[in-house]
Amino acid sequence: MSDKKKVIMTIGNCRIKDYDTHNVMVERYENVFIPQNKETVQKWVFKGYCASMLKALLFIQRNELLIDRKEIKDLDGFIQHVKKSNAQLMDVVRE
């Protein structure tokens, strides 16, 4: 059996994958520093397991995984990013 898990959904820089018959897993595409090579690479980083798709979407929202902290300069910028990420999640729910 292959270790490759099926990607169910990708939203911005996050994706939800099948894990087993009872769980899905949430991953985020982000920069990761590799100390052995002393370089930064972009890769999918595991963020957590969820029991359902709805819980995975709530997990993404609650942990602000769609928000890029480097782009936020003030409170208004943060609020705009929250509105944008919520709109992305609502578009997924409507589909």
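For the structure I just gave you, tell me whether Ile72 is surrounded by 10 or more Cβ atoms within 10 Å (Cβ to Cβ), more than 15 Å from the chain's Cα centre (by Cα) and without any contact (Cβ under 8 Å) to a residue 24 or more places away in the chain. Even if it seems obvious, please write down each step before you answer.
Numbers: surrounded by 10 or more Cβ atoms within 10 Å (Cβ to Cβ): yes; more than 15 Å from the chain's Cα centre (by Cα): yes; without any contact (Cβ under 8 Å) to a residue 24 or more places away in the chain: yes.
Against the criterion (surrounded by 10 or more Cβ atoms within 10 Å (Cβ to Cβ), more than 15 Å from the chain's Cα centre (by Cα) and without any contact (Cβ under 8 Å) to a residue 24 or more places away in the chain), Ile72 qualifies.
Gln61 passes all but one of (1) surrounded by 13 or more Cβ atoms within 10 Å (Cβ to Cβ); (2) touching a helix residue (DSSP H, G or I) at 6+ places or on another chain (Cβ under 8 Å); (3) modelled with pLDDT under 90; (4) not hydroxyl-bearing (Ser, Thr, Tyr); which number fails?
Of everything listed in (1) surrounded by 13 or more Cβ atoms within 10 Å (Cβ to Cβ); (2) touching a helix residue (DSSP H, G or I) at 6+ places or on another chain (Cβ under 8 Å); (3) modelled with pLDDT under 90; (4) not hydroxyl-bearing (Ser, Thr, Tyr), Gln61 misses just condition (3).
Give me the residue from region 1-18 that is at pLDDT below 90 and among the charged types (D, E, K, R) and, out of that set, nearest to Cys50 (Cα to Cα).
Only one residue tops the list, namely Lys5.
The values are calculated or read from the model by the stated rules, or taken from the named source; none is laboratory data. Just so you know, these numbers come straight off a predicted model, no measurement behind them. Cβ: placed from backbone, ideal geometry, glycine included. Neighbour counts: every protein chain shown.
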